[in-house]
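Report on the following structure.
The values are calculated or read from the model by the stated rules, or taken from the named source; none is laboratory data. Because the structure is a prediction, the values reported are computed rather than measured. Quick note on the areas: whole protein, heavy atoms, side chains included, nothing else; ligands and nucleic acids left out. Shrake-Rupley method; radii C 1.70, N 1.55, O 1.52, S 1.80 Å.
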Amino acid sequence: MTEERKPIGGAADRQRTCAVCGAEFTRGERTEVEAISDGEVRYVAVHPGHTTYSPSRERAAARRLKEIPGQAA
């Protein structure tokens with residue numbers, strides 16, 4: 001009897017690998033989903049803590065959020 005691979009679910013099931021590091025997702029592994037836009041909005045699965053976003057862009061966005069009155073630092 002062969003073991004059937006159970007679906008991971010959603011983008012992770014379609015991709016089978018992390019959009020950042022390329023490592024394969026394992027059954028039951030927690031994943032996160034990021035939206036990207038290349039003329040069309042798409043969703044990619046990544047390992048927790050991985051991101052397809054540029055670190056400099058992330059820092060710039062965090063800096064702008066801190067400048068908004070009433071936002072937590």
Q: Residues being open to solvent by 60 Å² or more (accessible area, probe 1.4 Å), charged (D, E, K, R) and closer than 16 Å to GLY10 by Cα: count how many of those fall in the range 20-49.
A: 5
Q. Assuming GLN15 fulfils every condition listed in (1) open to solvent by less than 50 Å² (accessible area, probe 1.4 Å); (2) at pLDDT 85 or above apart from one, which condition is it?
A. (1)
